[in-house]
Amino acid sequence: DPSLQYAYSQSPQREMPGIDRLIEEDIIPEVSKKGWQYIRHYEIPEISKMDKWYSDQLYKAVPSKTDVRVYGTEWKKDNGEKAFIILHLNVSNTQQMQTWYYFYSMLVADADAFELAKKQLVFGLSNMRYNLEPIMAYNREEAARIGQSWETFNRKMKANQAAFEASQIAHVNKSNAINDAIMSGWKA
């Protein structure tokens, strides 16, 4: 897929570094630019469970082992303002490759409202319920798209095989004709 190859060539490819290094290398530098100071991070298992459930519902073209985790990171500013980042991480491994991605959202609150706002955000995300109809529609579309891709690939491979077999027959026929001509000349 040329557009996928182009997308890959535009960004550096790296193996999932682990959550500690990911936060250190990606999140802290980005969020620190806005004046925030990192305090700590920890997994939020109740949201991880919900994200894992959602991921498990989605159509997968190839078998994979998927690890879905959600982490909370806490931040502060010198003026007393506090922030909480929910970091969603998805790592999928197949026999051939690893794909991973993350996204995050940030809650900012005054120090006196911070703990309650954080608790409500975690509760809301861990008790989220999904409408199954869009998931099923996505799965049908993905299965059809992947099926079409495999059909195109198999047609191309069948045409390649037919062309190879035809070239082999032509080669055998040519070799036989040459050998027959040589033998005819030798007999004569």
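Values as computed for the structure displayed
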| quantity | calculated |
| --- | --- |
| Qualifying helices (runs of 4 or more DSSP H) (wholly inside the range 1-117; at least 2 residues being within 30 Å of ILE146 (Cα to Cα)) | 2-10, 45-57 |
| Verdict on LYS49 being over 14 Å from SER92 (Cβ atoms), open to solvent by 80 Å² or more (accessible area, probe 1.4 Å), touching a residue at least 40 places away in the same chain (Cβ under 8 Å) and among the basic types (Lys, Arg) | yes |
| Criterion (under 20 Å from the mean Cα position of the chain (by Cα) and either over 30 Å from PRO17 (Cβ atoms) or open to solvent by 90 Å² or more (accessible area, probe 1.4 Å) (or both)) met by exactly one of MET157, MET97 | MET97 |
| Residues of the range 21-44 that turn out to be surrounded by fewer than 14 Cβ atoms within 10 Å (Cβ to Cβ) and touching a residue at least 12 places away in the same chain (Cβ under 8 Å), as a count | 5 |
| Flag for ILE47 being among the hydrophobic types (A, V, I, L, M, F, W, C), out of contact with any Lys or Arg (no Cβ under 8 Å at 6 or more places or on another chain) and at pLDDT 90 or above | yes |
| Only listed residue being open to solvent by 80 Å² or more (accessible area, probe 1.4 Å), over 25 Å from the mean Cα position of the chain (by Cα) and aliphatic (A, V, I, L, M), chosen from LEU107, LEU132, LEU121, LEU116 | LEU116 |
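The values are calculated or read from the model by the stated rules, or taken from the named source; none is laboratory data. Quick caveat: nothing in here was measured; it's all calculated off a predicted structure. All Cβ positions, even for glycine, are placed from backbone atoms using ideal geometry, and neighbour counts span all protein chains on display. What goes into the accessible areas is simple: the full protein's heavy atoms, side chains included, and nothing from ligands, DNA or RNA. Shrake-Rupley method; radii C 1.70, N 1.55, O 1.52, S 1.80 Å.
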